[in-house]
Structure formats: C-alpha cells, structure tokens
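Colleague: Below is one structure. I have some questions about it.
Where a number appears in this text, it was derived from the coordinates with a stated rule and is not lab data. Quantities reported herein were computed from a predicted structural model and do not represent experimental measurements. Cβ atoms come from the backbone with ideal geometry, glycine included; neighbour counts cover every protein chain shown.
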C-alpha cells in the first residue's frame, strides 16, 4: 500500500513542476522543443533516482549539521556523470541543453526530495520516490515542450506536422511563451483539482 | 407612530445617486470617438479596412461570449468593452491581414489579456497592446506595412515615414508634407496614423471629460521634449518634433491607448507623470531600437509602471501618516 502510494504520488499529487512549483528554471528555459524537454527530464530522473538511493543509504551516517553540503556532493557527482555520458553518447542534445545539464545540481526538486523524503525513509522506498517524481518531471517537461514546439515551430520531435503554408506562432518558442504556457497549464490543473475538491492550494 | 412603522423605507447601501455613467455608455462614447477614423479608414483603404475591423469585432465578441460561458464573471459581453478593444487592435493591423492573424490576435486579446485577469477593470496591461506585441514578435513579416500597401498610391512616398527617417537620417522628413501626414496619407496600419480624425475623436472625448486632459497632453509634451532634445544633439540623425508627433501612432497612443481606464492612474499628478513617461519612452524607442514605431512597447512599459504611480495619492485629511503608506 505504502509502496503504491509512493510510486504514484509524483504523477499527480506532487507532480513537478506544477504541483511542487519547484524546478521552474529548466521548465521555463529548455522547453522550447519536446526533444529538449524529454532529454532534460530523463537526465534529471537519473540523478533523482540515484541521489535518493545514496542519500537514503547514508542517512544514518550523515551528520545533521552538514547534511545539505553532503547532499550537494552526492548530487554533483551524479550530475558530472550524466554530463560526461551525455557528451559522449548524445552530443547534439547535450549541446542544445548546454548549461542546464550542470545546473541540475541546484535543481530544487532533487534537493527537495532528498531533504523531504530520502533522509527519513528506507532505500527502496526512496528509490521509488525518485523514479516517481522523475517520471512526473519528464512527462511535464515533454508536455510543455510539445505544446510550445507544435504551436511555435509547427513540428513535434522535429517532425513537420502541418503543411508548408503553416506560419508558426513564433512567440511560443521565445522566453515569454514559456511563462504563458506554464501559467496556463498551472491554472488549468488548479481549476481541475478544485473541481475534484482536492485541498492543495496554499493560501 | 404606527403609520411611520408601516411605511417601507429603502435600506440599500450607498451609492444612492445614479446617473448614466455606465461602462457600456462610456464604451459607446469611445466608439463614437473612434468613428471618424473608422469612416476615414474605410474611405481610404476600401472594403479591406471594413473586413479587418469587422472580423476583429466578430472574433472578439465571440471569444468574450465563449469565455463568459466557461468562466462566468461580472464583466458581461454586453458592455461593449470587447468591441472597443477590437477596433483599437484592428486600427494597428496592416491592410492585408489574413483572417487567422486577426483570429489569433482576438483570442490573445480577449481570453489571455482580458478574461484570464478577471475582465475589464482587472487587467495589468492593455489587452490590445498585449495581443499586438505577441503578433508582432511572432509574425514580423506580416507587419511590414510598406509591403502591404504596394498596390496603393496617394502621391506621396509610400514608405513608413518613421522607417525612412530611421534609415536615411533626419533629412528624410522633407520627403513628406506635413499636410499629408496630418490627413493620414502615410503608410501604417489601417487606422493608427489617421492623425486628424483621431485628433477629432480624442478631443471630443476630452471635451466631454470621458478621458482626462492630463494623460494625452503630457504624452505629447514628453514626446516633443525628448524629440527636441535629440534633434538638438544630433540634427542630422533625428527629425523635428512635429514630424514625430504627426507620423506613426503618436496621436493614437496619446488619446486612445495611454488613457485606457484600467491601466492608467486615477489621480492628476500620476496621470501627468504617466503620460510624460510614455511620450518620452516612445521617442527613445523610436530613436534607439530596432523598431521604427514603438507605440506598443512604450504603452506596455508604462502600463507596468501604473501600480507604482498610483501610490502617489492625495493626502487624507485628519489621518496621521504612519510607516511607508
């Protein structure tokens, strides 16, 4: 029961970045195409799963006073691994994502999950939590990226969707389009859950 | 005593005094003020202008009604505010705008710019300007007024006056006669440069006191001051102040965009500052940016300054000022 709850909470109840409203920097900056959203989401998921696992395994031996520094060391190690493997195997994508891959280190979602979940739960549950939140993050980023790419460029994962006569709504792939898209999605989700009577909106 | 008790008294809360200053009446007066320019536009551009305005009004009212059905609000479709906004947006559109451009513009204007913020009285930036800015950023090629008017010849040089001055320097102002600029014989959107007709409408609104006199006059003053300073500093580079006032959408911005009720300040001194700042910014954008006519961006920028300016308010008698109130 607990396991199932942990596995599913990242997909709706704590869906990042919409529900947690954390990790907004990558959600705004790199979602100009679906491919970039997916790549960023998967990289963050990898880091999230392993950082949660290691932090949970070491939770008894990390002193409370220096825990944030210790978490950052673990997360940074993983991020360097991700960055180097992306440069080795997915060079074009890593060129597109640029600085935002190293910046996963300071992604609030990863530190937030470490602090809120992994530091007080057993290893397997923490790993599940990382997987769940990571998948939620990947889906969200791919969704935002898809909407922006379809409207703003007329393509989806690089495939042309409309004919040559389609003039794309270029505003959506610019930076202000990210704010508009994210805000509208957040508003729609809030309206939907208000309709379902969920109490989550913090006043 | 019993007689008094049995009589029905009205116990409604204030205001008790009502007169015909309703939103729909005010918006209809705005439409009346815009009417000379609308007629002149149809006279000069033919049925294309009527098509652009008609489509804009149709789409805007339709989106307004649909949005009201999904999210019911106090801002009803019957108050004409969507019609006024649609005409203002249409005035800035080029003569050959395709229907989908107007559709997207109306959607952004009504749904994103107006309804999402809560309707008339609640939005932070002028919805028509917001929509126009998004369209301009997305489809810059569609807003090439010079290209759109290749088929028309009014006997003047058929290039946007501000663009010519920007590329060739201040001397290029002599290409245009001020009478032509005043009568609206200049390349622009279908209504934003019909200076004389807009001036008539604007002065009408000002005289019946439906727009304040401070904002438009301060706007024009700010524009003239900045243009005069720039002209003194670099006479070869910049044209005369009169040219900048008469070309592009300066008069339109001063009388119809800067005075929009929701996004402009309510007190006299902030109004003066607001207008002055707008005119000054407009001149700076015209002088130093990539855009030849920056009306949209100047208006959006001063809109953002509005809440700050609204903090300058009259002193309340008998109340001690405490803190930073």
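Colleague: Evaluate peptide A:164-171: per residue, the Cβ atoms of other protein chains within 10 Å of its Cβ; return the mean as an integer.
Modeller: 4
Colleague: Identify the residues of the range B:197-214 with backbone N under 20 Å of a label point that sits 7 angstrom from the Cα of residue B:35 along the Cα-to-Cβ direction, or state none.
Modeller: B:197-211
Colleague: Eigenvalues of the Cα gyration tensor times 5, then square-rooted: what semi-axes does that give for the range B:64-191, in whole angstrom, largest first?
Modeller: In descending order, the three semi-axes are 35, 14, 13 Å.
Colleague: Mind computing the radius of gyration and Dmax over the alpha-carbon atoms of the range B:1-115? Å is fine for both.
Modeller: Cα-based Rg and Dmax for the range B:1-115 come out at 20.3, 75 Å.
Colleague: What is the ratio of the Cα radius of gyration of the range B:152-308 to 2.2 N^0.38 Å, where N is its residue count, to two decimals?
Modeller: The reported ratio for this selection is 1.00.
Colleague: What nm distance separates the two modelled labels at residue B:8 and residue B:229, each placed 7 Å from Cα along Cα→Cβ?
Modeller: Taking the simple label geometry, residue B:8 and residue B:229 are separated by 6.4 nm.
Colleague: Continuing with the same structure: Please list, in order, the residues from the range A:24-61 whose amide nitrogen is less than 19 Å from a point placed 7 Å along the Cα→Cβ vector of residue A:175.
Modeller: Under 19 Å, as judged by backbone N against the label point of residue A:175, lie A:24-33, A:37 of the range A:24-61.
Colleague: Against the longest principal axis of chain B, how steep is helix B:295-309, in degrees 0 to 90 to the nearest 10, with axes from Cα atoms?
Modeller: Helix B:295-309 sits at roughly 30 degrees to that axis.
Colleague: Separate question: Of B:30, B:154, B:228, which has the largest mean-square fluctuation in a 10 Å C-alpha GNM of chain B?
Modeller: Highest fluctuation among the options: B:154.
Colleague: So what's the gap between the Cα centers of the range B:122-177 and the range B:9-24, to the nearest angstrom?
Modeller: Going from one Cα centre to the other spans 45 Å.
Colleague: Shielding by partners for B:135-141, please: the mean number of other protein chain Cβ atoms within 10 Å of each residue's Cβ.
Modeller: For this peptide, the per-residue mean of nearby foreign Cβ atoms is 4.
Colleague: Taking the 0 to 90 degree range and rounding to the nearest ten, how far is the long axis of helix B:195-207 tilted relative to the main principal axis of chain B, both from C-alpha atoms?
Modeller: Once rounded, the angle reads 20 degrees.
Colleague: If I stretch the segment between residue A:64 and residue A:2 completely, what's the gain in nm (0.36 nm per residue apart, minus their alpha carbon distance), one decimal?
Modeller: 19.7 nm
Colleague: How much FRET efficiency would the formula 1/(1 + (r/R0)^6) give for residue B:154 and residue B:117, where r is the Cβ-Cβ distance and R0 is 60 Å, rounded to 0.05?
Modeller: FRET efficiency, residue B:154 to residue B:117: 0.90.
Colleague: Residues of the range B:250-274 with backbone nitrogen within less than 15 Å of a virtual label 7 Å along the Cα-to-Cβ line of residue B:136, please, listed as ranges.
Modeller: B:250-254, B:257-258, by backbone N distance to the label point.
Colleague: Please give the FRET efficiency for residue B:301 paired with residue A:99, using the beta carbon to beta carbon distance and R0 = 35 Å, rounded to the nearest 0.05.
Modeller: FRET efficiency, residue B:301 to residue A:99: 0.75.
Colleague: Right, something else. Just grab the label-to-label distance for residue A:156 and residue B:203, each label 7 Å out from Cα along the Cβ direction, in nm (one decimal).
Modeller: Roughly 5.8 nm, to one decimal.
Colleague: Now for a separate question. Rounded to two decimal places and with Rh computed the Kirkwood way over Cα pairs, what is Rg over Rh for the protein assembly as shown?
Modeller: 1.07
Colleague: Along Cα→Cβ, 7 Å out, is where each label goes; now give me the distance between the ones at residue A:11 and residue B:291 in nm to one decimal.
Modeller: Result: 4.6 nm between the two label points.
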